[in-house]
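Written below as structure tokens is the structure these notes are about.
Readers should treat all values here as calculations from the given coordinates under stated rules, not as data from a laboratory. Keep in mind that this is a model prediction, so the values were computed, not measured. For neighbour counting, all protein chains shown are included, and Cβ atoms are generated from backbone atoms with ideal geometry for every residue, glycine included.
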Amino acid sequence: MRKYIIPFILLILFNFSCLALGGIVTKPGTHSDWYLNLIKAPWTPPGIVFGLAWFTIGVTFAFLGSYLFRKDKFLFTLYIFSWILNTLWNPLFFMLHWTILAGIDIALLWGVITTILYYTKTQYGWKPAIFALPYFIWLVIATSLNWYIVFAN
């Protein structure tokens, strides 16, 4: 168990640093006039859901990452790549208003998380793979929200 603690703590810091960086570079984000005036999907959740989702993802994905760090370097590399894609999405969407590129980015991110989930489940079982499920489920929702904005605006 101890061998997972240090990677877990480092990945928690990494995960929340990536989220914070995305928030910092895209202020005011969801409070901007641009975002507030977009036609959004009817299933867009209230703002608090976004915070709860990303907190859950940050913690559960750190559990998975600490496992992959010890077990599978390829999947851990995909793990790091997923956070690069995740961190890029905020400036693409909120700062540059490049909703189509943000949509491509989030679709790629969904593909990476799907790959991580599938191969973790296939090679190591559901016990570690379950920690990728919150991210996978959230990306299904987030991808649909992004593409709704692309097509409705």
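Multiplying the sequence separation of Asn153 and Val25 by 0.36 nm and subtracting their Cα-Cα distance, what value in nm do you get? Display every interim value, and only then the final one.
Working: separation 128, 0.36 × 128 = 46.08 nm, distance 2.33 nm.
Taking 0.36 nm per residue and subtracting the Cα distance, the gain is 43.7 nm.
How do the peptides 61-69, 108-116, 91-99, 44-52 rank, highest first, by the average count of neighbouring beta carbon atoms within 10 Å per residue? Don't skip to the answer; put the middle values down first.
Details: 61-69: 23.4, 108-116: 19.2, 91-99: 17.1, 44-52: 11.6.
Top of the packing list down: 61-69, 108-116, 91-99, 44-52.
Mind giving me the FRET efficiency for Val59 and Thr114? R0 is 22 Å, r the Cβ-Cβ distance, nearest 0.05 is fine. Don't skip to the answer; put the middle values down first.
Working: r = 20 Å, r/R0 = 0.92.
About 0.60, to the nearest 0.05.
Taking 0.36 nm per residue of sequence separation and subtracting the Cα-Cα distance, how much length would be gained by fully extending the chain between Leu36 and Arg70, in nm to one decimal? Don't jump to the answer; show the numbers that get you there.
Numbers: separation 34, 0.36 × 34 = 12.24 nm, distance 4.34 nm.
Net length gain for the segment: 7.9 nm.
What is the log10 of I(q)/I(0) for the chain, computed with the Debye formula using one identical point scatterer on each Cα and no solvent, at q = 0.11, 0.16 Å⁻¹? Taking Cα atoms of the chain as identical point scatterers yields -0.43, -0.87.
For Lys121, the aspartates and glutamates whose Cα comes closer than 13 Å to its Cα, not counting residues fewer than 8 places off in the same chain, are Asp72. Listed by chain and number, the lysines whose C-alpha is less than 18 Å from the C-alpha of Lys127, apart from same-chain residues fewer than 8 away, are Lys3, Lys71.
Can you figure out the FRET efficiency of Val140 with Ile80, using R₀ = 25 Å and their beta-carbon distance, to the nearest 0.05? If you can, show how the numbers build up before the last one.
Numbers: r = 22 Å, r/R0 = 0.88.
After rounding, the FRET efficiency stands at 0.70.
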